[in-house]
Amino acid sequence: MNPEDLLQLFRYRQSVRTYSDKPVESEKLMRCMEAAHLAPSACNAQPWKFIVVDNSELRSVIADSMSNRIVPINHFTKQAPLLVAIVREPANFNSTFGQVVKDKEYPLTDIGIATIQFCLQATVEGLGTCIMGWFNEKKIKKLLNIPRGKRLELIITLGYPASPEIREKKRKDMSEILSFNKY
């Protein structure tokens, strides 16, 4: 594998906010799920459950729960052919013990890794994604029958981008995010 290939994938992946109405093929969805399934996690806890929402009526109601009039964001979610909800599941004993001892939320890191692997596979498949954490968790949990006591951490939109354009990445200068041997 050429080292530049992976960097090119990172450059190509972007948050997509306009989707075509072309449906996502099940084999592409399942490869995205396989990529998430293969993600590493603390003590191999795999503290996640992915819920794919492909029912158009349910998807529309959930999309309504991801935006509001006061903060006009996420209205594009109605366009996405699929929504993927990610629920935090309990970690195994070793991961939970480590969380307590080190005061770190390992499941959140693990979910982040699984999420980006899903999204990078989607990019390879020619699909677009947008990872979101702004939504009415209580309402969506009820709609998806997510048990009380579980957290709905993220929702990913998934579909074919309406435009093939790759936007220029706006990132901080490397000197702002990198140092050696000290802060």
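Every number in this text was worked out from the coordinates using simple rules, so none of it is lab data. Since we're looking at a predicted model, the values are computed, not measured. Positions of Cβ are generated from backbone atoms using ideal geometry, with glycine treated the same way; all protein chains shown enter the neighbour counts.
Brief remarks follow.
- Whole-Hz couplings from phi, Karplus 6.51/-1.76/1.60, listed for region 161-174; x for Gly and Pro: x, 5, 10, x, 4, 9, 6, 5, 6, 9, 10, 4, 5, 3
- Residues Tyr183, Tyr19, Tyr12, Tyr160 arranged by fewest to most Cβ contacts within 10 Å: Tyr183, Tyr12, Tyr160, Tyr19
- Using just its DSSP H runs of length 4 or more, each adding -39500 (n - 2.57), the chain gives a mean residue ellipticity at 222 nm of -11500 deg cm²/dmol after division by all residues.
- Scaled radius of gyration (Cα, divided by 2.2 N^0.38 Å) that region 40-132 gives: 1.28
- The amide H of Gly159, built 1.01 Å from its N in the peptide plane, has Gly128 as neighbours under 5 Å, considering only residues 5 or more places off or on other chains.
- Remark: region 15-164 carries a charge dipole of roughly 520 debye about the Cα centre, counting +1 on each Lys and Arg Cβ and -1 on each Asp and Glu Cβ.
- For the pair Asn181 and Ile73, label points projected 7 Å from Cα toward Cβ lie 4.0 nm apart.
- Per-residue ³J(HN,Hα) for region 58-73, Karplus 6.51 cos²θ - 1.76 cosθ + 1.60, θ = phi - 60°, Hz, x for Gly and Pro: 5, 4, 5, 5, 5, 4, 4, 7, 9, 9, 7, 6, 5, 10, x, 10
- FRET efficiency for the pair Asp54 and Lys150, taken as 1/(1 + (r/R0)^6) with r the Cβ-Cβ distance and R0 = 22 Å, rounds to 0.55.
- Per-residue Karplus couplings for region 37-54, computed as 6.51 cos²θ - 1.76 cosθ + 1.60 with θ equal to phi - 60°, are listed in order as 4, 7, 5, x, 8, 4, 6, 6, 5, 6, x, 8, 9, 9, 10, 8, 9, 10 Hz, Gly and Pro entered as x.
- Per residue, the average separation of C-alpha pairs within less than 8 Å and at least 6 apart gives region 1-157 a relative contact order of 35 percent.
- With both residues required to sit in the chain, DSSP beta bridges show an antiparallel share near 95%.
- Legend: ranking of residues Arg171, Arg69 from fewest to most surrounding C-beta atoms inside 10 Å; resulting order Arg69, Arg171.
- Amide H contacts for Arg151 (H built 1.01 Å from N in the peptide plane; partners 5 or more residues away or on another chain; cut-off under 5 Å): Arg88.
- Taking the Cα centre of region 1-96 as origin and assigning +1 to Lys and Arg Cβ atoms and -1 to Asp and Glu Cβ atoms, the resulting dipole is close to 320 debye.
- Label separation (Tyr12 vs Met30): 2.3 nm, computed from points 7 Å beyond Cα along the C-beta direction.
- Lys49 long-range amide H proximity, modeled H, under 5 Å: Val87, Glu89
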